[in-house]
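This report refers to the structure that appears directly beneath it.
The values are calculated or read from the model by the stated rules, or taken from the named source; none is laboratory data. Being a predicted model, the structure only gives us computed values, none of them experimental. When we count neighbours, we look across all protein chains shown, and the Cβ atoms used for this are built from the backbone with ideal geometry, even at glycine.
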Amino acid sequence: MSFNQDWEAQAENWIGWARSGKDAYWLYRDSFFELVPVPGAATLEVGCGEGRVTRDLATRGHRVIAIDASPTLIRAAREADATGSYSVADAAALPFNDDSFDLVVAYNSLMDVQDMPAAVGEIGRVLAPNGCLCACVTHPLADAGDFRERRGDAPFIIEGSYLERRAVDQVDDLDGHRMRFVGWSYPLEDYSLALEHAGLVTEAIREPPVLAEEVERDPSEQRWRRLPCFLMFRAIPSPR
């Protein structure tokens, strides 16, 4: 099983957090969708949560099947999008045939599954030869340390080792919403190796800074124009 059970335990908290309209997704999604190709025959979202990325994909013309291992989150996604296709499934054992999708999207989900390489391997299996994976993860460098203060010029400190998988377990508050984030932080090489073993090659990488207007609103956000918060990439199957 690749499912991180903590996400089912935090499902109701995540629904409130994700639908607050104030978390980082709304600041970075445009950068992500610049990587996403035009709609094809079938798109799969792996780790859809409460469904906001799937809904955005559908708005852009994609025919999406979305999966998540949390029954509570799948129920919330269905309630928000009665016309969508949402199923409970394990990212490490996708219930689809080989070469079924010309696009797979994994937005901030690969660092939350129990077995990231297995999930990437399954993505490679269900991708058509002319398909692609578009993914976003918390940036490995940002996950490796922390800013010592909430200040634009605050020092960023790495106390442990960047070069190993590390458990993440932190509680954040956002305008009355409290969320416990539990998952893993990987060095960039781990993601690259997972792609290689899945028969995928990286085609594009983005490290978008936070929007300038967000810094104008809150000068402390300048720290996220010095260091990227997210890593976004597009990968395609190697020639067979």
- Message: For the stretch 61-98, which positions are assigned to a helix (DSSP H, G or I), surrounded by fewer than 19 Cβ atoms within 10 Å (Cβ to Cβ) and hydrophobic (A, V, I, L, M, F, W, C)?
- Response: A80
- Sort out which residues of the stretch 21-41 are in contact (Cβ under 8 Å) with a residue 40 or more places away in the chain and loosely packed, with under 15 Cβ neighbours inside 10 Å, and write them in order of number. K22, E34, P37, A41
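Given the residues A144, A135, which is the only one that is closer than 16 Å to V64 by Cβ, surrounded by 19 or more Cβ atoms within 10 Å (Cβ to Cβ) and either of a type in the set (K, R) or out of contact with any Lys or Arg (no Cβ under 7 Å at 6 or more places or on another chain) (or both)? Spell out the reasoning first.
Details: A144 fails: closer than 16 Å to V64 by Cβ.
After ruling out the rest, the residue left standing is A135.
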- Within the stretch 173-217, considering residues that are of a type outside the set (D, E) and without any contact (Cβ under 8 Å) to a residue 12 or more places away in the chain, the one surrounded by the most Cβ atoms within 10 Å (Cβ to Cβ): S192
- Task: Can you run down the residue pairs with Cβ atoms below 9 Å, 6 or more apart or on separate chains, where the first is in the stretch 157-172 and of a type in the set (K, R) and the partner is not in a loop (DSSP other than H, G, I, E, B)?
- Result: R165/M116; R165/W184; R165/S185; R165/D190; R166/D143; R166/A144; R166/W184; R166/S185
- Task: Provide a single number: the residues in the stretch 1-49 that are over 18 Å from M179 (Cβ atoms), part of a loop (DSSP other than H, G, I, E, B) and in contact with a strand residue (DSSP E or B) (Cβ under 7 Å, 6 or more places away or on another chain).
- Result: 6
- Message: When you scan the stretch 87-96, do you find a residue that is under 19 Å from W7 (Cα atoms), in contact with a helix residue (DSSP H, G or I) (Cβ under 8 Å, 6 or more places away or on another chain) and without any contact (Cβ under 8 Å) to a residue 40 or more places away in the chain, even just one?
- Response: yes
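For G152, are the conditions met, namely being in contact with a Pro (Cβ under 9 Å, 6 or more places away or on another chain), surrounded by fewer than 19 Cβ atoms within 10 Å (Cβ to Cβ), modelled with pLDDT of 95 or more and on the phi < 0 side of the Ramachandran plot?
On the way: in contact with a Pro (Cβ under 9 Å, 6 or more places away or on another chain): yes; surrounded by fewer than 19 Cβ atoms within 10 Å (Cβ to Cβ): yes; modelled with pLDDT of 95 or more: yes; on the phi < 0 side of the Ramachandran plot: yes.
Yes, satisfied.
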- Filter the stretch 80-92 down to the residues that are more than 18 Å from the chain's Cα centre (by Cα) and of a type in the set (A, V, I, L, M, F, W, C), then identify the one that is nearest to A128 (Cα to Cα). A82
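Tell me, which residue of the stretch 99-130 that is of a type in the set (G, A, S) and not in a loop (DSSP other than H, G, I, E, B) is surrounded by the fewest Cβ atoms within 10 Å (Cβ to Cβ)?
Here is the first cut: in the stretch 99-130, the residues of a type in the set (G, A, S) are 100, 106, 109, 118-119, 121, 124, 128.
Still in the running and not in a loop (DSSP other than H, G, I, E, B): 106, 118-119, 121, 124, 128.
Values: A106: 25, A118: 19, A119: 25, G121: 19, G124: 22, A128: 17.
Among residues in the stretch 99-130 that are of a type in the set (G, A, S) and not in a loop (DSSP other than H, G, I, E, B), the one surrounded by the fewest Cβ atoms within 10 Å (Cβ to Cβ) is A128.
Could you look through the stretch 97-130, keep only residues that are among the acidic types (D, E) and touching a helix residue (DSSP H, G or I) at 6+ places or on another chain (Cβ under 8 Å), and pick out the one that is nearest to V201 (Cα to Cα)? Reasoning before the result, please.
As a first pass, look at the stretch 97-130 and keep what is among the acidic types (D, E): 98-99, 102, 112, 115, 122.
Those still in the list that are touching a helix residue (DSSP H, G or I) at 6+ places or on another chain (Cβ under 8 Å) too: 98-99, 112.
Details: D98: 18, D99: 16, D112: 22 Å.
Among those that are among the acidic types (D, E) and touching a helix residue (DSSP H, G or I) at 6+ places or on another chain (Cβ under 8 Å), it is D99.
Whether any residue in the stretch 50-60 is modelled with pLDDT of 95 or more, part of a loop (DSSP other than H, G, I, E, B), more than 18 Å from R234 (Cβ to Cβ) and not hydroxyl-bearing (S, T, Y) is what I want to check.
Taking the stretch 50-60 first, the residues modelled with pLDDT of 95 or more are 50-60.
Now drop any that are not part of a loop (DSSP other than H, G, I, E, B), which leaves 50-51, 60.
Among the residues that remain, those that are also more than 18 Å from R234 (Cβ to Cβ) are: 50-51.
From the residues that got through so far, the ones that are not hydroxyl-bearing (S, T, Y) too are 50-51.
Within the stretch 50-60, one or more residues are modelled with pLDDT of 95 or more, part of a loop (DSSP other than H, G, I, E, B), more than 18 Å from R234 (Cβ to Cβ) and not hydroxyl-bearing (S, T, Y).
If I ask for residues that are surrounded by 15 or more Cβ atoms within 10 Å (Cβ to Cβ) and either over 18 Å from the mean Cα position of the chain (by Cα) or within 15 Å of L110 (Cα to Cα) (or both), which ones from the stretch 42-60 would you list?
To start, the set of residues in the stretch 42-60 that are surrounded by 15 or more Cβ atoms within 10 Å (Cβ to Cβ) comprises 42-58.
Hits for the stretch 42-60 are A42, L44, E45, V46, G47, C48, G49, V53.
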